[in-house]
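The values are calculated or read from the model by the stated rules, or taken from the named source; none is laboratory data. Keep in mind that what you see is a predicted model, and the values were worked out from it rather than measured. Reconstructed Cβ throughout: ideal geometry from the backbone, glycine too, with neighbour counts over all protein chains shown.
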Amino acid sequence: MIDKLESLEREFEEVEARLADPDVFADQSRYRELAKRHKELDAIVARSRELRQRSEDAATA
């Protein structure tokens, strides 16, 4: 499960980088596709990072 979450985080970062590319922005169809995927991944990645932080906090407590 952790591997899958890490994979999704990497994909999220790749999608963010592509969204910043002017060529992608010029292709509105591609931009919309990436923006949709970014939105899907955003909630997952936020929870994943929160879970990781809580796990680290619990380990140091």
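Got at least one residue in the range 47-54 being more than 17 Å from Ser7 (Cα to Cα) and in a helix (DSSP H, G or I)?
The answer is yes; a qualifying residue exists.
State whether one or more residues within the range 1-20 are assigned to a helix (DSSP H, G or I), among the polar types (S, T, N, Q) and exposed (fewer than 10 other Cβ atoms within 10 Å of the Cβ).
Within the range 1-20, the first condition is being assigned to a helix (DSSP H, G or I), and the residues that meet it are 2-19.
Right, trim to among the polar types (S, T, N, Q) and you get 7.
Among the residues that remain, those that are also exposed (fewer than 10 other Cβ atoms within 10 Å of the Cβ) are: none.
So far as the range 1-20 goes, no, none of its residues is assigned to a helix (DSSP H, G or I), among the polar types (S, T, N, Q) and exposed (fewer than 10 other Cβ atoms within 10 Å of the Cβ).
Being over 12 Å from the mean Cα position of the chain (by Cα) and not basic (Lys, Arg) is true for just one of Glu50, Glu16, Glu11. Which residue is that? If you could, list the steps in order and put the result at the bottom.
Details: Glu16 fails: over 12 Å from the mean Cα position of the chain (by Cα); Glu11 fails: over 12 Å from the mean Cα position of the chain (by Cα).
Of the residues listed, the single one that is over 12 Å from the mean Cα position of the chain (by Cα) and not basic (Lys, Arg) is Glu50.
Among the listed residues Leu41, Leu34, which satisfies the condition of being of a type outside the set (Ser, Thr, Tyr), touching an Asp or Glu at 6+ places or on another chain (Cβ under 7 Å) and either free of Cβ contacts under 8 Å to residues at least 12 places away in the same chain or surrounded by 13 or more Cβ atoms within 10 Å (Cβ to Cβ) (or both)?
Of Leu41, Leu34, the one residue that is of a type outside the set (Ser, Thr, Tyr), touching an Asp or Glu at 6+ places or on another chain (Cβ under 7 Å) and either free of Cβ contacts under 8 Å to residues at least 12 places away in the same chain or surrounded by 13 or more Cβ atoms within 10 Å (Cβ to Cβ) (or both) is Leu41.
If a residue must be at pLDDT below 95 and within 17 Å of Ala46 (Cβ to Cβ), how many such residues does the range 8-34 contain?
Residues in the range 8-34 being at pLDDT below 95 and within 17 Å of Ala46 (Cβ to Cβ): 0 in total.
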